[in-house]
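The values are calculated or read from the model by the stated rules, or taken from the named source; none is laboratory data. Bear in mind the structure is a predicted one, so any value in this text is a computation, not a measurement. FYI the Cβ positions are ideal-geometry reconstructions off the backbone, even for glycines, and counts take in every protein chain you see. The accessibility values were calculated without ligands, DNA or RNA, using every heavy atom of the protein model including side chains. Shrake-Rupley method; radii C 1.70, N 1.55, O 1.52, S 1.80 Å.
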Amino acid sequence: MQEVDFIWLNGKMVPWKEATTHFLTHSLHYGTAVFEGIRFYKTDKGPAIFRLGDHVKRLFESAKIVGMKNLPFTEEQVFDAIKLVVKENKLESGYIRPLFYYGYGKMGMDTIGAKIDLGIAAWPWGAYHGFEGVQNGISMKISSIVRHSKNSPFVHSKVSGSYYKSTFAKMDALDSGFDEAIMLDANGIVAECTGENLFLVKEGKLVTPGEKEILVGITRDSIMQLAKDEGIEVVESVIEKEQLNSADECFITGTAAEIVPVGSIEGKTLGSGKPGSITSKLQKAYSDLVHGKNEKRIKWLDFV
Ligand SMILES: Cc1ncc(COP(=O)(O)O)c(C=O)c1O
């Protein structure tokens, strides 16, 4: 991780190395924090944060879903603080991590009276799946770790505790020699990856799991809208595990990962094994978009 100058903690810019927390921080023990992952990019008009308003909205929505009440900052304050973190650290491009967490002073399962803290960090972060993955595609394992059920409140919330499933599935994939994991729901239907949504290309159309059992990704939504702009039909549908290998192309989407082609699933090569034409077209459209080269969607960028 590349260190920068400051982390924003409860309204103050704190030197990076001093932005620490007490051992008895509630969220450290019980996974009771909610967070976001946001990217910002270098453009001709300076750094631009991608869909900042939507990310801040989802952060507050996550807090609401898990019953985190009386947040000490408003959406507007968090929006402004995120811009300030990028500005004060003089960053051109990278990743932003805001996290609301129950701080020091309360232990036990209930959170009554627990103090809520907010931290916001930003740092330079290159391709999550590496340059090689983005160019040539990654290998996927179908995980035995079941994604959250649609009846779980956590499915639509970025609550830290529930990311243990993602961490476990990711490590299991890496330990087995794969790059990433595809997670199924309790009925064996394709849900999503450890930190990404999944798309198949079948006969020129995009097919992606519906919203019920996935974290509804902001990148997913962006790709769906870009696909429509390009005249590519998008279908939200149940995807059986068996359908994965008969797809013409497959790619995954997420803020950290961006758009990454899938080269093989469980060792079976998909198509030619190289990124397909629709995947490559959407990768380029997404790159243009986030770098300020799509006038139609310029409102998705907040310039710092
Ligand atoms: C489980 C999961 N699915 C999908 C995504 C993709 O969401 P987004 O595109 O909003 O980053 C993420 C990342 O936040 C995630 O953690």
For LYS57, net neighbour charge (Lys/Arg +1, Asp/Glu -1) across residues whose Cβ lies under 15 Å away: -3
Cross-link table LYS205/LYS284; LYS141/LYS165; LYS150/LYS281, entries beyond 21 Å C-alpha to C-alpha: LYS150/LYS281
All-pairs Cα distance distribution in the chain, expressed in whole percent, bin size 10 Å: 6, 26, 34, 25, 8, 1
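If the convex hull of the alpha-carbon atoms of region 130-290 is projected onto planes in all directions, what is the mean projected area in square nanometres?
On the way: hull surface 34.3 nm².
So the mean shadow area of the Cα hull is 8.6 nm².
Given R₀ = 22 Å, FRET efficiency for LYS115-ILE65 by Cβ-Cβ distance, to 0.05?
Numbers: r = 20 Å, r/R0 = 0.93.
Between LYS115 and ILE65 the formula returns 0.60.
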For region 1-86, the Rg and Dmax computed from alpha carbons only, in angstrom: 14.4, 45
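Accessible area of the chain with a 1.4 Å probe: how many percent of it is carbon plus sulfur? List each step's numbers first, then the result.
Values: 7520 of 14340 Å².
So the carbon and sulfur contribution to the accessible surface is 52 percent.
Sorted by average packing, counted as other Cβ atoms within 10 angstrom per residue and highest first, what order do 226-238, 286-298, 180-192 take? Walk me through the numbers on the way to the answer.
Numbers: 226-238: 14.3, 286-298: 16.1, 180-192: 21.3.
With the highest mean Cβ count within 10 Å placed first, the list reads 180-192, 286-298, 226-238.
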Within a Gaussian network of the chain (alpha carbon springs, distance under 10 Å), most fluctuating of PHE40, PHE168, PHE60: PHE168
Mean-position separation - Cα centroids, region 77-131 and region 206-261, in angstrom: 27
Amide proton proximity set for ALA33, modelled H, under 5 Å, gap of 5+: SER160, GLY161
Residue-wise HN-Hα coupling along region 207-224, computed from phi with Karplus coefficients 6.51, -1.76, 1.60 (Hz; x: Gly, Pro): 10, 9, x, x, 7, 4, 10, 10, 6, 6, x, 6, 5, 4, 4, 4, 5, 4
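At a 10 angstrom cut-off on C-beta neighbours, averaged per residue, how do the peptides 75-81, 10-16, 156-162 rank from highest to lowest?
156-162, 75-81, 10-16
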Integer Hz, Karplus 6.51/-1.76/1.60 couplings in order for region 153-169, x for Gly and Pro: x, 7, 4, 9, 10, 8, 9, 4, x, 6, 7, 4, 4, 5, 4, 5, 5
Calculated from backbone phi, Karplus (6.51, -1.76, 1.60) coupling profile of region 243-260 in Hz, x at Gly/Pro: 6, 4, 6, 8, 6, 6, 8, 8, 8, 10, 9, x, 4, 5, 6, 6, 10, 10
